[in-house]
Amino acid sequence: MSPMKTAFRAAVAAFVLLGMLFPARAETVVALVRHGEKVDESRDAELNDAGRARARALATILKDAGIAAVYSTDYARTRETARPTAETIGKPVEIYDGDGLAAFAKDLRARGGRALVVGHSDTTPELVQLLGGDPGPPIASDEYDRLYLLTLSERKTSTTLLRFPTGVTK
């Protein structure tokens, strides 16, 4: 065997061994939002026109983001906010327990990849914090425009807070 072939085979073997010893971990990115505007203050209120427009805008914003999973609590307003993104990527809306956020955060980290999580004014900042991000100030009862993007690594979490532009709900 020629020295060139031997060196090439050794290099390939080294890359294979390095890949086995240090597997590449897919970047974990979690987008988190509060549900859109709702018709009333009832326990399981549906979205109003502005909330449905916001949900469609969210799907447009995230359509090229590589979202692979969409999660929602089991309320009409959160499922309706999640649905357009789920339909855009061809995946079902998966229900998570808003009372079990610590376990859900651990599960999101373990799954990796890119996900959208739709929650509430109290659960969304709590989940941001459980994932190691910075939730910022509490979400006001009339505030629906926050879009958190968390980039998770084993050592740290990077938080990017975006806002839906004015007029997106018209």
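The values are calculated or read from the model by the stated rules, or taken from the named source; none is laboratory data. What you see is a predicted model; the values in this text were computed from it and never measured. Cβ sites come from the backbone with ideal geometry, for glycine too, and all protein chains shown count toward neighbours.
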(request) Mind listing just one residue for me: the one in the stretch 138-163 that is surrounded by fewer than 18 Cβ atoms within 10 Å (Cβ to Cβ), within 19 Å of R77 (Cβ to Cβ) and charged (D, E, K, R) and, of those, farthest from the chain's Cα centre (by Cα)? (result) D142
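Kindly indicate whether any position in the stretch 5-18 is within 28 Å of the chain's Cα centre (by Cα) and either modelled with pLDDT under 95 or surrounded by fewer than 10 Cβ atoms within 10 Å (Cβ to Cβ) (or both).
No, because not a single residue in the stretch 5-18 is within 28 Å of the chain's Cα centre (by Cα) and either modelled with pLDDT under 95 or surrounded by fewer than 10 Cβ atoms within 10 Å (Cβ to Cβ) (or both).
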(request) With respect to T166, determine if the residue is among the β-branched types (V, I, T), more than 24 Å from P92 (Cβ to Cβ), under 13 Å from the mean Cα position of the chain (by Cα) and surrounded by fewer than 16 Cβ atoms within 10 Å (Cβ to Cβ). (result) no
(request) Could you name every one of the helices (runs of 4 or more DSSP H) located completely within the stretch 41-153 that has at least 1 residues being charged (D, E, K, R), in contact with a Pro (Cβ under 9 Å, 6 or more places away or on another chain) and free of Cβ contacts under 8 Å to residues at least 60 places away in the same chain? (result) 49-62, 123-130
(message) Taking the condition of being within 22 Å of A86 (Cα to Cα) and out of contact with any strand residue (DSSP E or B) (no Cβ under 7 Å at 6 or more places or on another chain), how many residues in the stretch 126-169 meet it?
(response) 3
(message) L32 - would you say it is under 20 Å from T169 (Cβ atoms), assigned to a strand (DSSP E or B) and at pLDDT 95 or above?
(response) yes
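Regarding A53, is this residue within 22 Å of K170 (Cβ to Cβ) and buried (at least 17 other Cβ atoms within 10 Å of the Cβ)? Spell out the reasoning first.
Numbers: within 22 Å of K170 (Cβ to Cβ): yes; buried (at least 17 other Cβ atoms within 10 Å of the Cβ): yes.
So A53 fits the description; yes.
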